[in-house]
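Each remark here refers to the structure printed beneath this line.
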Amino acid sequence: MKCKRFLSISILGVFLLIGFVYYTTVFIFIEDWVGLQSSAGSLNVIIFTFLVSLCFFSFFVCVLTDPGHVPDSYVPDIEESGVPDEERRKNDHHCIWINNCVGYWNYKAFFTLVLYATIGSIYSTVMIVACSIQKDWEFSERVSFKIFYVTSGVMMVALSLTLGTLLGWHIYLIIHNMTTIEYYEGVRAAWLARKSGQSYRHPFDHGVYKNITLVLGPNMLKWLCPTALSHLKDGLNFPTSRDRL
């Protein structure tokens, strides 16, 4: 059963991390900064809770969605298409944090997960900084509490940078319509092409906007919805730039 994927130490670690970040951000930093009963505090709690909810939703979709596989009965026409079977699977990588592979059917959910997690981490970092600036550290707080603030701040900055880097990488992949595997295969193909005096272009690159719609869908209002997948086909055959010639 797909639910068994949640029986993983790495997934438990994700739940604990999200729970820790949410609790400290809301009940310590926002409460300490403006108070949960104030209008500013309530607004920040609503915004942050919404981000965490979107993050959880994308996370569950990532874990529970089959990334897709090539049927045993499928025989590609290699001579006609020139595209190897491995590139047809749109397999990106195996992610231990969702205890699942990232592939054709759950890549969008993975991307939105990274996006919402990055925004949430940056938001939490801003809350820590805002709370730290307005506090009178010289008289009001114990040393242990100061250490907790510094540790939390460093952790959130590191988490924001890590997630932001991952987000930037997958934005790059999306606008070039390639997976992580295809990227490294493309690097090798480009090197071989240069070595033989030829040029190389990723065969599935259709231009930035078209590439985005192939992954996120043609409707911009549904780009950030991880379950809006009506634009996906069978995941076996993909148009190449040569098809337009």
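The values are calculated or read from the model by the stated rules, or taken from the named source; none is laboratory data. Everything numeric in this text was worked out from a predicted model, so none of it was measured. Ideal geometry is used to build each Cβ from the backbone, glycine not excepted, and the neighbour counts take in all protein chains shown. When the accessible area is computed, the model is the full protein with side chains, heavy atoms only, and any ligands, DNA or RNA have been set aside. Shrake-Rupley method; radii C 1.70, N 1.55, O 1.52, S 1.80 Å.
Given the pairs 90/222; 108/135; 4/210; 195/222; 195/233, which are separated by over 31 angstrom at their Cα positions?
Numbers: 90/222 21 Å; 108/135 41 Å; 4/210 37 Å; 195/222 43 Å; 195/233 37 Å.
As for pairs spanning more than 31 Å Cα to Cα, those are 108/135; 4/210; 195/222; 195/233.
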> Near residue 105, within a Cβ-to-Cβ distance under 10 Å, what is the net charge of the other residues, with Lys and Arg +1 and Asp and Glu -1?
Replying inline: +1
>> Could you compute how fast the chain diffuses translationally, taking Rh as the Kirkwood radius over C-alpha pairs and applying Stokes-Einstein at 4 °C with viscosity 1.567 mPa s? Give it in µm² per second.
In response: 63 µm²/s
> Measuring from centroid to centroid over Cα atoms, what is the spacing of region 91-107 and region 1-75 in Å?
Replying inline: 17 Å
>> Using a Gaussian network model on the chain with a 10 Å cutoff between Cα atoms, which of 51, 221, 232 fluctuates the most?
In response: 221
> Based solely on its DSSP helices, what 222 nm [θ] is calculated for the chain when runs of n ≥ 4 H residues each add -39,500 (n - 2.57) and the sum is averaged over all residues, nearest 500 deg cm²/dmol?
Replying inline: -18500 deg cm²/dmol
> Once you list every other residue whose beta carbon is under 15 Å from the beta carbon of residue 223, what net charge do they have if Lys and Arg are +1 and Asp and Glu are -1?
Replying inline: +3
> What residues qualify as long-range amide H neighbours of residue 100, i.e. H under 5 Å apart, gap of 5 or more or another chain, H built at 1.01 Å from N?
Replying inline: 95
> In a GNM of the chain with a 10 Å cut-off on Cα contacts, which of 134, 37, 198 has the highest mean-square fluctuation?
Replying inline: 198
> Given +1 on the Cβ of Lys and Arg, -1 on the Cβ of Asp and Glu, and no further charges, what dipole in debye does the chain carry about its Cα centre, rounded to the nearest 20?
Replying inline: 120 debye
>> Not counting ligands, DNA or RNA, and with a 1.4 Å probe, what is residue 133's accessible surface area in Å² rounded to the nearest 10?
In response: 130 Å²
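How high is the relative contact order of the chain, in percent, with contacts defined as C-alpha pairs under 8 Å that are six or more residues apart?
Working: 257 pairs, mean separation 50.7, N = 245.
This gives 21 percent for the chain.
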> What does the charge add up to near residue 44, with Lys and Arg as +1, Asp and Glu as -1, over the other residues with Cβ less than 14 Å from its Cβ?
Replying inline: -2
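Helices from the chain with mean Kyte-Doolittle at least -1.0 and a Cα length along the axis of 15 Å or more, per DSSP H: which? Can you show the working numbers first?
Details: long enough: 9-24 (22 Å, 2.12); 39-64 (37 Å, 2.18); 107-134 (41 Å, 1.34); 143-175 (48 Å, 1.59); 180-195 (23 Å, -0.41).
TM-like helix candidates: 9-24, 39-64, 107-134, 143-175, 180-195.
Using only Cα atoms, figure out Rg for region 161-210 and give it as a multiple of 2.2 N^0.38 Å.
Values: Rg = 12.7 Å, N = 50, 2.2 N^0.38 = 9.7 Å.
That works out to 1.30 for region 161-210.
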